[in-house]
Amino acid sequence: MMKKLYYLSAFSFLILMTLSSGSCNKPPFKPDYQNIAGYVIGKEVCNADENNDYWLLDFTVYPNSPQIGDTLELNGTTFSNVLKVKELGARLKHTGIMVSIDYKKISSNKIITTGCTEPNSITYPLKEIFIINQFEIR
């Protein structure tokens, strides 16, 4: 009985060592997306249905944020790293909210909003960020 337990323990140990050694010498996992943090600073006014409007985010939350956006003056304040986004979640659509954005793509050219239905439309030619995931930062 004792010999059987010894062999079972030794066999289990060998299996464990074989499984754990398979993960050695592999490069660390690198996600296929990037993350950046920003503040919601406002929105465009273009459509009667506000769900179809772009929201404006300034990505200068952290000191080493990459320069991915454009400079924009909004309500007398100059922002230096602004992008627009269409698929911002409903609970994040409030000026001043700090958000974390996972993304794969930012448009290479500025997007000019067209087809507005509001008579006093306010739009901005800015690059667009395409969101994968989004979260509020508290």
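The values are calculated or read from the model by the stated rules, or taken from the named source; none is laboratory data. As the structure is a computational prediction, the values presented were derived from the model and not from experiment. So basically every Cβ, Gly included, is an ideal-geometry build from the backbone, and we count neighbours across all protein chains shown.
Output the residue which, of all residues in segment 100-116 that are part of a strand (DSSP E or B) and of a type in the set (A, V, I, L, M, F, W, C), is nearest to D53 (Cα to Cα).
The initial filter retains those residues of segment 100-116 that are part of a strand (DSSP E or B), namely 100-106, 111.
Retained after the next criterion (residues that are of a type in the set (A, V, I, L, M, F, W, C)): 101, 106, 111.
Numbers: I101: 18, I106: 18, I111: 13 Å.
The residue in question is I111.
Taking segment 104-138 as the range and being touching a residue at least 60 places away in the same chain (Cβ under 8 Å) and among the aromatic types (F, W, Y) as the test, only Y124 passes. Determine whether segment 37-44 contains at least one residue that is part of a loop (DSSP other than H, G, I, E, B) and at pLDDT below 95. Checked against the condition, which is being part of a loop (DSSP other than H, G, I, E, B) and at pLDDT below 95, segment 37-44 yields no hits at all.
Residues in segment 75-99 that are in a strand (DSSP E or B) and surrounded by 15 or more Cβ atoms within 10 Å (Cβ to Cβ): F79, N81, V82, L83, K84, V85, M98, V99. Checked against (1) in contact (Cβ under 8 Å) with a residue 40 or more places away in the chain; (2) in contact with a helix residue (DSSP H, G or I) (Cβ under 9 Å, 6 or more places away or on another chain), W55 meets all criteria but (1).
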